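The values are calculated or read from the model by the stated rules, or taken from the named source; none is laboratory data. Note that the structure is a prediction, hence the values are computed from the model and not measured. Backbone-built Cβ (ideal geometry, glycine too); neighbour counts: all protein chains shown. To get the accessible areas, we keep the full protein, side chains included, count just its heavy atoms, and leave off ligands, DNA and RNA. Shrake-Rupley method; radii C 1.70, N 1.55, O 1.52, S 1.80 Å.
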Amino acid sequence: VADDEKPLTKESARAPGFQVPFASAVKEQVPTVKSMAVGVIIDPNQAEAIIAEGKADIVALGRELMWNPFWALHAAQTLGADDQLKMWPLNDCALGRDEGFRSFMRWA
């Protein structure tokens, strides 16, 4: 969420990845130090490119995770790592394994 309480987008005042050059500079100048990229990383392809292009060793998400707590699961789908939705959690209630839920359903 941006400072104006609207979700960050590619058109936000702060451009996506606006702080990535700092992580890249650290990685370039001190190769033994692992670097982390931050700064409006909102798209899975963007995050993947930062790593693949060697601009940082890890990406950190902040506000985007508050906006979408399932970002990692959506990213796995976008990047083709979970096209069968197998990474998505199934809770015990959905699977009928929760005794309290089953008891409730007997009375419902």
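Below are the figures for this structure:
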item	result
Filter result (open to solvent by 40 Å² or more (accessible area, probe 1.4 Å) and either without any contact (Cβ under 8 Å) to a residue 60 or more places away in the chain or among the charged types (D, E, K, R) (or both)) within region 62-73	Gly62, Arg63, Leu65, Pro69, Phe70, Ala72
Total residues in region 49-74, condition under 9 Å from the mean Cα position of the chain (by Cα) and part of a loop (DSSP other than H, G, I, E, B)	6
Checking Met105 against (1) at pLDDT 90 or above; (2) farther than 30 Å from Thr32 by Cα; (3) part of a helix (DSSP H, G or I); (4) not β-branched (Val, Ile, Thr), the condition it does not meet	(1)
Single residue of region 21-48 satisfying the filter (in a helix (DSSP H, G or I) and under 14 Å from the mean Cα position of the chain (by Cα)) that is surrounded by the most Cβ atoms within 10 Å (Cβ to Cβ)	Ala47
